[in-house]
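Reviewing the structure listed below.
The values are calculated or read from the model by the stated rules, or taken from the named source; none is laboratory data. This one's a predicted model, so the numbers in the text were calculated from it and none came from an experiment. All Cβ positions, even for glycine, are placed from backbone atoms using ideal geometry, and neighbour counts span all protein chains on display. In case anyone asks, the SASA skips ligands and DNA or RNA and just uses the protein heavy atoms, side chains included. Shrake-Rupley method; radii C 1.70, N 1.55, O 1.52, S 1.80 Å.
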Amino acid sequence: MSQYKKPVLITGGTGLLGEAIADVFADKNHRVVITSRKFDSAAGFCDNKNTDEDTDQWVPLEVNLASSESILMAVETLDDMELYPSFVIANASSRDALGSSFDDISHDDFLSLFRVDVAGHMILTRELRKTAPPSSLASVTFMSSIYAIQGVDNGIYPEEMMPTPIHYSAVKSAMTGLVQSLAAQWGPSTRVNVIISGGAQAEERQNDQFTEAYSDKTMLDRLAQPREVADAVYFLSSNNASYITGNSLVVDGGYSAW
């Protein structure tokens with residue numbers, strides 16, 4: 001274990017941006033804890049990454065961010081392993097409530113998304129700090145969206161593609177207040193920031209019509225590559241950002257700067 005740099009915990013680490021972020025930390029020789037609601041999903045992912053049978057760089061962890069009990073069990077598991085993340089990337093997001101059209105959005109849709117993205121991550125990081133040695137949790141980075149600071153342009157979405165729903169924007173916007181409050185709460189011991197990410201290239205979820213329409217709204221005339229967002233996350237976690245806390249870093253190719 002000693003051959004690795006300080007460990008990072010990435011929620012939702014098996015997804016598009018989560019994997020890109022994890023790969024950046026792994027490439028820089030950090031130990032990487034990958035969480036998923038289902039242990040088998042995280043374990044299979046980590047097994048594929050741990051290509052050398054003697055390697056334990058990638059560590060799977062089951063955690064359901066909608067459940068305080070699950071969060072506490074996950075933190076206890078890490079404590080039993082004496083594995084204390086120095087960096088947490090709050091990347092997971094509930095997809096369960098994103099299929100509702102504007103006219104059908106319910107209280108439960110709002111609450112289920114907030115329960116995971118905001119409340120779940122706050123409770124997880126709070127509990128990690130309680131069990132960790134003093135000042136070992138150096139940085140927490142939340143993953144938000146360009147739609148936290150920009151209205152959704154429904155016109156860029158093809159007819160067969162549902163626009164980003166309004167409760168997603170609201171919940172991602174709430175992260176800014178949470179980040180500022182946590183940064184103030186934890187002062188010099190743990191830096192807390194948020195990435196405002198623009199759209200990332202995901203060919204299996206985007207067609208040419210959407211890609212062209214979205215790209216036209218950026219100054220760089222394209223979507224982000226996942227690695228470009230991941231590099232910004234690593235920067236905020238690193239000592240190169242040692243005087244940055246309670247802030248937002250916008251990584252959107254100029255989308256919001258027009």
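Observations
- Put simply, of SER242, SER256 the only residue that is touching a strand residue (DSSP E or B) at 6+ places or on another chain (Cβ under 8 Å) and open to solvent by less than 60 Å² (accessible area, probe 1.4 Å) is SER256.
- Given (1) closer than 21 Å to SER242 by Cα; (2) under 21 Å from the mean Cα position of the chain (by Cα), index of the condition LEU113 fails: (1)
- The listed residue being at pLDDT below 95, under 21 Å from ILE123 (Cα atoms) and assigned to a helix (DSSP H, G or I), out of ASP79, ASP109, ASP103, ASP96: ASP109
- Number of residues in region 12-22 that are in contact with a helix residue (DSSP H, G or I) (Cβ under 7 Å, 6 or more places away or on another chain) and touching a residue at least 40 places away in the same chain (Cβ under 8 Å) equals 6.
- Output for region 98-129, where each listed residue is open to solvent by 50 Å² or more (accessible area, probe 1.4 Å) and without any contact (Cβ under 8 Å) to a residue 24 or more places away in the chain: ASP103, ASP104, HIS107, ASP108, LEU111, ARG126
- Of the helices (runs of 4 or more DSSP H) that lie entirely inside region 114-227, those containing 1 or more residues that are at pLDDT 95 or above and in contact with a strand residue (DSSP E or B) (Cβ under 6 Å, 6 or more places away or on another chain) span 121-131, 166-186.
- Single condition VAL229 does not satisfy, out of (1) free of Cβ contacts under 8 Å to residues at least 60 places away in the same chain; (2) touching a helix residue (DSSP H, G or I) at 6+ places or on another chain (Cβ under 9 Å): (1)
- Of all residues in region 137-163, exactly one satisfies the criterion of being open to solvent by 30 Å² or more (accessible area, probe 1.4 Å), among the small types (Gly, Ala, Ser) and closer than 26 Å to ASP231 by Cβ, namely ALA138.
- Annotation note: Cβ proximity below 6 Å between a residue of region 198-218 that is under 16 Å from ILE146 (Cα atoms) and a residue that is of a type in the set (Val, Ile, Thr) and surrounded by fewer than 19 Cβ atoms within 10 Å (Cβ to Cβ) (sequence gap 6+ or interchain) occurs for ALA213/ILE156; TYR214/ILE156.
- As a summary of the residue check, GLU69 satisfies the conditions (1) of a type in the set (D, E, K, R); (2) under 28 Å from PHE110 (Cβ atoms); (3) in contact with a strand residue (DSSP E or B) (Cβ under 9 Å, 6 or more places away or on another chain); (4) surrounded by fewer than 15 Cβ atoms within 10 Å (Cβ to Cβ) except for the one numbered (3).
- Residue that is within 19 Å of ASP27 (Cβ to Cβ) and not β-branched (Val, Ile, Thr), where the choices are ALA202, ALA257, ALA224: ALA224
- Checking each residue in region 202-238 for being open to solvent by less than 30 Å² (accessible area, probe 1.4 Å) and among the aromatic types (Phe, Trp, Tyr) picks out PHE210, TYR214.
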